[in-house]
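The values are calculated or read from the model by the stated rules, or taken from the named source; none is laboratory data. Bear in mind the structure is a predicted one, so any value in this text is a computation, not a measurement. Every residue, glycine as well, gets a Cβ built from its backbone with ideal geometry; the counts of neighbours run over all protein chains shown. For the accessible areas, the whole protein counts, side chains as well, though only heavy atoms, and no ligand, DNA or RNA atoms are used. Shrake-Rupley method; radii C 1.70, N 1.55, O 1.52, S 1.80 Å.
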Amino acid sequence: QVQLVESGGGLVQPGGSLRLSCVASGNGFSINTMGWYRQVLGKERELVATITSGGTTHYADSVKGRFTISRDNARNTVFLQMNSLKPEDTAAYYCIARGLMSAVPFYDWGQGTQVTVSS
């Protein structure tokens with residue numbers, strides 16, 4: 001099993017910044033795509049950003065210009081730098097990963113970390 005552990009969430013004022021981290025661990029796996037999605041209670045989840053092992057990125061329109069996704073392939077770690085945060089960014093943020101484990105495709109997600117943007 002690939003384990004994804006997120007960290008970095010918390011309470012921040014509007015206009016502030018947070019940096020989320022996610023570390024993947026396990027044996028016999030390789031990861032192609034990592035990313036983040038977020039979910040607010042009562043709403044459908046939203047894919048926020050993704051990044052491939054080659055560095056190709058994709059962002060939701062709602063976060064373009066404010067969020068930056070990056071990764072450290074050697075550490076199987078993905079980051080989400082969130083700047084100019086807005087109250088509507090408040091959500092539980094989940095790390096996701098796609099890849100192969102023992103040549104079997106997998107899609108996994110972490111336990112989530114809460115981001116709250118409020119005065």
Quick check on region 1-57: of everything there that is within 10 Å of Tyr94 (Cα to Cα) and aromatic (Phe, Trp, Tyr), which residue is least open to solvent (accessible area, probe 1.4 Å)? Trp36
List pairs: first residue in region 95-114 and without any contact (Cβ under 8 Å) to a residue 40 or more places away in the chain, second residue open to solvent by 90 Å² or more (accessible area, probe 1.4 Å) and among the charged types (D, E, K, R) anywhere in the structure, Cβ distance under 7 angstrom, at least six positions apart or on different chains. Tyr107/Arg98
Just one listed residue, out of Val63, Val78, is within 22 Å of Phe106 (Cβ to Cβ), open to solvent by less than 20 Å² (accessible area, probe 1.4 Å) and either of a type outside the set (S, T, N, Q) or assigned to a helix (DSSP H, G or I) (or both), and it is Val78
Quick check on my filter: what residues within region 85-119 are at pLDDT below 95 and β-branched (Val, Ile, Thr)? Val104
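Inside region 99-119, can you point out the residues that are surrounded by 12 or more Cβ atoms within 10 Å (Cβ to Cβ) and farther than 16 Å from Ser25 by Cβ? If you could, list the steps in order and put the result at the bottom.
Pass one, region 99-119, residues surrounded by 12 or more Cβ atoms within 10 Å (Cβ to Cβ): 99-101, 106, 108-110, 112-117.
Within region 99-119, Gly112, Thr113, Gln114, Val115, Thr116, Val117 qualify.
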